[in-house]
Each structure stands twice: as structure tokens, then as C-alpha cells.
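Below: the structure, in C-alpha cells.
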Amino acid sequence: MPGNTSRRYPPELKARAVRMFEEIRSDHATDWEAMGQVAQLLGVSTAETVRKWVRQAQVDDGARPER
């Protein structure tokens with residue numbers, strides 16, 4: 001199922017990844033480094049997957065404009 005992460009990862013894992021990113025962001029020089037760390041810790045295939053989850057959560061919370 002490559003490319004379809006909505007079925008590959010449960011919503012609870014996505015929410016946990018977003019929370020973890022927010023918690024560890026200040027410990028890293030860039031968002032990308034923090035996302036990579038979260039992906040590694042949770043066994044997510046790539047940092048890009050975490051980036052998408054974080055950006056979508058920011059849109060959902062009104063912190064980022066929808067594209």
C-alpha cells in the first residue's frame with residue numbers, strides 16, 4: 001500500500017506523532033530534524049509522512065492556512 005498512509009497508520013499514531021513533534025521541536029535546529037526524530041522513534045517510514053500529519057493538524061487547528 002505505498003503512498004496511502006491513511007490506511008497504513010492508525011489515527012492514534014498520527015495524533016501521537018503530532019504531539020511528539022510539538023514536544024521535541026525546540027530541541028532541534030529545524031522542523032525537519034524534529035520530524036525525522038519522531039518518524040524514527042515511532043517507526044514511521046519517512047519524515048515526510050510526519051510532516052504531512054503535522055501540517056494537516058496545523059490546518060485543522062487554524063494555525064496554518066489551507067492550501
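Where a number appears in this text, it was derived from the coordinates with a stated rule and is not lab data. All of these numbers come straight from a predicted model, not from anything done at the bench. All Cβ positions, even for glycine, are placed from backbone atoms using ideal geometry, and neighbour counts span all protein chains on display.
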Cβ-Cβ distance below 6 Å, separation of 6 or more or different chains: which pairs start in the stretch 40-56 with a residue that is under 15 Å from E22 (Cα atoms) and end on one that is surrounded by 14 or more Cβ atoms within 10 Å (Cβ to Cβ) and of a type in the set (G, A, S)? L42/A17; A47/G36; A47/A39; V50/A17; V50/A39; W53/A17
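Yes/no per residue for (1) closer than 15 Å to P11 by Cα; (2) under 9 Å from the mean Cα position of the chain (by Cα); (3) among the charged types (D, E, K, R):
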site: T30; (1), (2), (3): no, no, no
site: A34; (1), (2), (3): no, no, no
site: V50; (1), (2), (3): yes, yes, no
site: W53; (1), (2), (3): yes, yes, no
site: D60; (1), (2), (3): yes, no, yes
site: P65; (1), (2), (3): no, no, no
